[in-house]
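Visitor: Can you keep this structure in mind? I'll have questions shortly.
The values are calculated or read from the model by the stated rules, or taken from the named source; none is laboratory data. These figures come from a predicted structure and were not determined experimentally. Cβ placement follows ideal geometry from the backbone for every residue including glycine, while neighbour counts extend to all protein chains displayed.
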Amino acid sequence: MAEKIYRVNMTTLKVSVEDVPKEWAALGGRGLTSTIVAKEVKPDCHPLGKYNKLVFAPGMLTGTACANSGRLSAGGKSPLTGTIKESNAGGTASQCLARLNVKAIIIEGLPQKDIFYSLHLDKNGITIAEETELVGKGNYEVITAVRKRRGDKVAVLSLGPAGEMKIPLANISVRDPEGNMRSHGRGGLGALMGSKKIKYFSIDDAGAPGVAIAEPEKFKEASRVFAKCLLDHPVTGQGLKTYGTDILVNILHEAGGLPTHNFRTGRFDGHDKISGETMHDTIVERGGKPSHGCHAGCIIQCSQVYNDKKGAYLTSGFEYETIWGFGAGCCIDDLDAIAEADHMMDDIGIDTIETAVTVGVAMEAGIIAFGDGKGMLNLIKEIGKGSHLGRLLGAGASVLGKAYGLTRVPVVKGQGIPAYDPRSVKGMGITYATSTMGADHTAGYSTATNILKVGGFVDPLKKEGQVELSRNLQIATALIDSTGLCLFVAFAVLDKPEAFNAIVDMVNAKYGSSITGDDGIGLGKSILKLERGFNIAAGFTSAHDRLPEFFEELCPPHNAVWDFTEKEIDSFWDF
Amino acid sequence: MRGRPTPPFFIGQAMNITVKLFASFRTGRFGEKNFDYPEACRVSRVLHELDIAASEVGVLLVNGRHVTVDSNLSPGDTLAIFPLIGGG
């Protein structure tokens with residue numbers, strides 16, 4: 001069966017099914033969502049208005065036997081930044097879409113009535129229904145209810161109250177294999193889905209045709225090589241499974257790049273209490289799961305299930321960025337308080353990174369004190385309630401900072417800066433400044449080479465080599481984001497050329513094509529240029545590829561400063 | 001504790017080094033400890049005495065800066081030793 005494009009028009013409430021245009025045939029994931037957004041969305045449109053579109057696309061390898069290939073891309077114009085946006089997440093949805101031969105789903109138009117809807121996709125197509133019962137409910141309750149309605153194995157994409165309220169912090173949640181959730185976190189795509197008035201989107205792949213592979217034997221062999229590369233590399237084969245992403249706390253602290261007290265210093269006194277080592281021991285002690293994969297076929301198992309003191313489920317998908325943000329950023333050295341916050345944010349449906357940076361700015365503003373864990377939980381509750389304070393917080397760090405007349409507001413293009421200080425991890429600073437989606441750590445994860453010595457070493461405290469490093473990583477990431485592969489495969493790919501070759505081989509075996517590695521790099525470059533073109537048409541210039549002024553301050557312990565010239569930063573685009 | 005017994009098997013001045021271990025390197029060893037080493041000893045000697053193979057090492061930081069196994073240590077240095085780790 002051929003792949004199809006599904007168009008859901010929320011104004012007419014009609015669904016149409018189209019053949020895949022030739023120029024989209026070889027695309028998937030981010031390559032496809034960005035291509036569709038750049039073609040069909042007016043760059044200067046209002047992100048919550050009738051001209052924005054929400055696009056979902058599985059990756060080029062999703063739904064196959066390739067390990068770690070189950071990511072889903074969601075794209076549109078970001079309600080948070082106003083730039084083009086692609087966000088990818090694990091969970092249950094992507095593989096269902098791929099098996100149902102869905103190439104992409106394009107949701108367009110605003111509903112005429114001020115009510116909510118749900119979408120359901122199965123082998124017969126997409127249906128739209130009115131939704132009342134679950135309006136206002138948190139994501140956990142939505143997922144439980146949809147499983148009752150549609151079957152225990154159903155995949156679900158859902159909005160919490162935040163998405164219904166269309167606030168810029170809102171994310172799109174995806175049900176994971178256990179019924180907990182993963183997140184299309186950044187860029188406010190939950191607000192975009194909320195503007196289309198879609199409370200949830202359930203997907204049932206029973207009876208699905210499955211993914212067609214042109215050369216099955218060749219595919220099998222390449223996927224074997226790839227899986228072996230993942231298992232053999234210490235990070236993807238062992239490290240992440242044992243300690244998870246939170247292992248980064250201690251190394252960033254030691255290296256002096258752990259942003260502390262709203263980006264004042266690079267080390268945090270309470271680092272040990274929130275570290276990956278401590279988290280591992282706590283999880284084991286309380287009968288949680290120190291290893292967990294966010295989608296079927298994941299062999300890296302970087303995630304976890306974290307229980308409370310009584311041994312009951314507290315949260316999962318509890319990652320470094322969240323723990324950094326509330327821990328070091330907000331000076332709260334209490335892992336349980338941060339875990340409770342993680343649970344609440346998942347339920348309300350807000351991005352944990354954006355919320356952490358926003359709470360840091362709220363502390364800067366004096367709304368609560370740095371280190372106040374209870375106060376932090378109350379602020380998150382306010383966001384869920386949609387009170388005036390909640391709405392102000394829900395608008396994000398940039399807006400909050402403006403409301404309180406602050407300069408220490410760590411954002412680029414309106415998006416909060418994540419867990420690596422740009423002054424002492426300079427490759428990340430270049431990524432934050434130049435990424436087409438605002439301050440984004442995964443867009444070009446220079447930390448791998450600056451701090452972790454994966455894929456070589458570029459001194460994090462020197463300017464030399466950082467622009468080239470960030471550029472190469474951003475190009476490679478745009479490619480990986482198009483395959484449906486989890487970005488963590490990059491740890492193996494950066495150190496083992498045979499892993500990259502295996503990815504190329506699998507793509508060729510699936511499509512019966514003969515692309516080369518260079519073609520893949522070419523695709524990565526063209527995606528970045530396409531995204532940048534959209535942003536330029538949306539009104540962005542090189543003046544927006546800058547870090548906030550306050551990063552001229554010295555950052556202890558190394559007294560590092562952000563000292564790239566504008567010309568040096570802009571040379572990123574010389575390709 | 002794994003590793004060979006340390007002092008005093010050297011001649012000359014001793015210097016005090018703080019050694020920090022992380023992730024799997026802590027298993028059967030320690031998190032943070034002070035040691036006396038001969039002046040200007042190399043990082044490689046510390047690894048050897050802790051029974052950590054250079055091939056197992058991911059990152060070495062002295063006072064927060066990246067170094068290699070051949071780097072010399074100075075009095076009062078803090079040496080942090082990490083296996084190959086990742087995250088995001």
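Visitor: Look at A:Gly163 and say whether it is within 17 Å of the chain's Cα centre (by Cα), on the phi > 0 side of the Ramachandran plot, in the same structural domain as A:Ala57 (by TED's automatic domain parsing) and surrounded by 22 or more Cβ atoms within 10 Å (Cβ to Cβ).
Guide: On the way: within 17 Å of the chain's Cα centre (by Cα): yes; on the phi > 0 side of the Ramachandran plot: no; in the same structural domain as A:Ala57 (by TED's automatic domain parsing): yes; surrounded by 22 or more Cβ atoms within 10 Å (Cβ to Cβ): yes.
No, not satisfied.
Okay, residues lined up against (1) modelled with pLDDT of 95 or more; (2) among the basic types (Lys, Arg); (3) over 22 Å from B:Gly86 (Cβ atoms); (4) crowded, with 19+ Cβ neighbours inside 10 Å:
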| position | (1), (2), (3), (4) |
| --- | --- |
| A:Lys462 | yes, yes, yes, no |
| A:Gln466 | yes, no, no, yes |
| A:Leu473 | yes, no, no, yes |
| A:Thr483 | yes, no, no, yes |
| A:Cys486 | yes, no, no, yes |
| A:Asn535 | yes, no, yes, yes |
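Visitor: Testing B:Asp51 on (1) within 14 Å of chain A (Cβ to nearest Cβ); (2) more than 16 Å from B:Ile17 (Cα to Cα); (3) not in a helix (DSSP H, G or I), one condition comes back false. Which one is that?
Guide: (1)
Visitor: Which of the numbered conditions does B:Val46 fail, given that it passes all the others? Conditions: (1) farther than 21 Å from A:Leu240 by Cβ; (2) in a strand (DSSP E or B); (3) among the aliphatic types (A, V, I, L, M).
Guide: Every condition holds for B:Val46 apart from (2).
Visitor: Restricting the search to the stretch B:66-88, which residues are free of Cβ contacts under 8 Å to residues at least 60 places away in the same chain, within 14 Å of chain A (Cβ to nearest Cβ) and assigned to a strand (DSSP E or B)? Before you say what the answer is, go through the steps one by one.
Guide: Within the stretch B:66-88, the subset free of Cβ contacts under 8 Å to residues at least 60 places away in the same chain is B:66-74, B:84, B:86-88.
Applying the additional criterion that residues be within 14 Å of chain A (Cβ to nearest Cβ) yields B:66-69, B:71, B:84, B:86-88.
Result: B:His66, single match.
Visitor: May I ask you to say which residue of A:Gly375, A:Gly360, A:Gly390 is part of a helix (DSSP H, G or I) and in contact (Cβ under 8 Å) with a residue 24 or more places away in the chain?
Guide: Values: A:Gly375 fails: in contact (Cβ under 8 Å) with a residue 24 or more places away in the chain; A:Gly390 fails: in contact (Cβ under 8 Å) with a residue 24 or more places away in the chain.
Just one listed residue meets the conditions, A:Gly360.
Visitor: Among the candidates A:Leu469, A:Leu452, which residue alone is outside any helix (DSSP H, G or I) and either out of contact with any Phe, Trp or Tyr (no Cβ under 7 Å at 6 or more places or on another chain) or more than 13 Å from chain B (Cβ to nearest Cβ) (or both)? If you could, list the steps in order and put the result at the bottom.
Guide: Values: A:Leu469 fails: outside any helix (DSSP H, G or I).
After applying the criteria, what remains is A:Leu452.
Visitor: Next question. Of the residues A:Gly63, A:Gly49, A:Gly91, which single one is touching an Asp or Glu at 6+ places or on another chain (Cβ under 7 Å) and either outside the structural domain of A:Ala502 (by TED's automatic domain parsing) or surrounded by fewer than 24 Cβ atoms within 10 Å (Cβ to Cβ) (or both)?
Guide: Unique residue meeting the criteria: A:Gly91.
Visitor: Given the conditions (1) in contact with a Phe, Trp or Tyr (Cβ under 9 Å, 6 or more places away or on another chain); (2) under 14 Å from A:Phe56 (Cβ atoms), which single one is not true for A:Glu131?
Guide: Of (1) in contact with a Phe, Trp or Tyr (Cβ under 9 Å, 6 or more places away or on another chain); (2) under 14 Å from A:Phe56 (Cβ atoms), only one is false for A:Glu131: (2).
Visitor: Within the stretch B:24-32, is there a residue that is out of contact with any helix residue (DSSP H, G or I) (no Cβ under 8 Å at 6 or more places or on another chain), modelled with pLDDT of 95 or more, of a type in the set (Phe, Trp, Tyr) and assigned to a loop (DSSP other than H, G, I, E, B)?
Guide: Within the stretch B:24-32, one or more residues are out of contact with any helix residue (DSSP H, G or I) (no Cβ under 8 Å at 6 or more places or on another chain), modelled with pLDDT of 95 or more, of a type in the set (Phe, Trp, Tyr) and assigned to a loop (DSSP other than H, G, I, E, B).
Visitor: Another question, then. Mind checking whether some residue in the stretch B:23-33 is within 14 Å of chain A (Cβ to nearest Cβ) and in contact (Cβ under 8 Å) with a residue 60 or more places away in the chain?
Guide: yes
Visitor: Another question about this same structure. Checking the conditions here, which among A:Gly239, A:Gly194 is in contact with a helix residue (DSSP H, G or I) (Cβ under 9 Å, 6 or more places away or on another chain), assigned to a helix (DSSP H, G or I) and within 14 Å of chain B (Cβ to nearest Cβ)? Step through it out loud before you land on a result.
Guide: Details: A:Gly194 fails: within 14 Å of chain B (Cβ to nearest Cβ).
So the residue among A:Gly239, A:Gly194 that is in contact with a helix residue (DSSP H, G or I) (Cβ under 9 Å, 6 or more places away or on another chain), assigned to a helix (DSSP H, G or I) and within 14 Å of chain B (Cβ to nearest Cβ) is A:Gly239.
Here is a yes/no grid of residues against (1) of a type in the set (A, V, I, L, M); (2) touching a Gly at 6+ places or on another chain (Cβ under 9 Å); (3) over 18 Å from A:Ser87 (Cα atoms):
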position	(1), (2), (3)
A:Ala395	yes, no, yes
A:Thr407	no, yes, yes
A:Pro418	no, yes, no
A:Asp421	no, yes, yes
A:Tyr432	no, yes, no
A:Gly438	no, yes, no
A:Thr449	no, yes, yes
A:Lys463	no, no, yes
A:Ala499	yes, no, yes
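Visitor: Right, another one. What residue, of A:Asn139, A:Asn124, A:Asn180, is touching a strand residue (DSSP E or B) at 6+ places or on another chain (Cβ under 7 Å) and at pLDDT 95 or above?
Guide: Values: A:Asn124 fails: touching a strand residue (DSSP E or B) at 6+ places or on another chain (Cβ under 7 Å); A:Asn180 fails: at pLDDT 95 or above.
From the options A:Asn139, A:Asn124, A:Asn180, the qualifying one is A:Asn139.
Visitor: What is the number of the single condition among (1) at pLDDT 95 or above; (2) surrounded by fewer than 17 Cβ atoms within 10 Å (Cβ to Cβ); (3) not charged (D, E, K, R) that B:Pro7 does not meet?
Guide: Single failed check for B:Pro7: (1).
Visitor: For A:Thr11, all conditions in the list (1) closer than 28 Å to A:Ile515 by Cβ; (2) in a loop (DSSP other than H, G, I, E, B) hold save one; what is the number of the exception?
Guide: The failed condition is (1).
Visitor: Show the residue pairs meeting these rules: Cβ distance below 6 Å; 6+ apart or different chains; first residue within the stretch A:22-36 and under 21 Å from A:Ser435 (Cβ atoms); second residue hydrophobic (A, V, I, L, M, F, W, C) and in a helix (DSSP H, G or I).
Guide: Close Cβ pairs (under 6 Å, with a partner that is hydrophobic (A, V, I, L, M, F, W, C) and in a helix (DSSP H, G or I)) amount to A:Gly31/A:Ile527; A:Ser34/A:Ile527; A:Ser34/A:Leu530.
Visitor: Report the residue count in the stretch A:51-80 for those that are in contact (Cβ under 8 Å) with a residue 24 or more places away in the chain and out of contact with any Phe, Trp or Tyr (no Cβ under 9 Å at 6 or more places or on another chain).
Guide: Start the filter on the stretch A:51-80 by keeping residues that are in contact (Cβ under 8 Å) with a residue 24 or more places away in the chain, which leaves A:52-80.
If we keep only those that are out of contact with any Phe, Trp or Tyr (no Cβ under 9 Å at 6 or more places or on another chain) as well, we get A:52-55, A:57-59, A:61-63, A:69-71, A:76, A:78-80.
Selection size over the stretch A:51-80: 17.
Visitor: With the requirement that a residue be surrounded by fewer than 24 Cβ atoms within 10 Å (Cβ to Cβ) and within 14 Å of another protein chain (Cβ to nearest Cβ), what does the stretch A:395-442 give you?
Guide: Within the stretch A:395-442, A:His441, A:Thr442 qualify.
Visitor: Give me a count of the residues in the stretch A:550-575 that are within 27 Å of A:Asp269 (Cβ to Cβ) and either in a helix (DSSP H, G or I) or modelled with pLDDT under 95 (or both).
Guide: 3
Visitor: Let me confirm something: among A:Ser173, A:Ser202, A:Ser183, which residue is buried (at least 21 other Cβ atoms within 10 Å of the Cβ), over 30 Å from A:Ser398 (Cα atoms) and of a type in the set (S, T, N, Q)? Outline the logic, then answer.
Guide: Details: A:Ser173 fails: over 30 Å from A:Ser398 (Cα atoms); A:Ser183 fails: over 30 Å from A:Ser398 (Cα atoms).
Exactly one residue qualifies, and that residue is A:Ser202.
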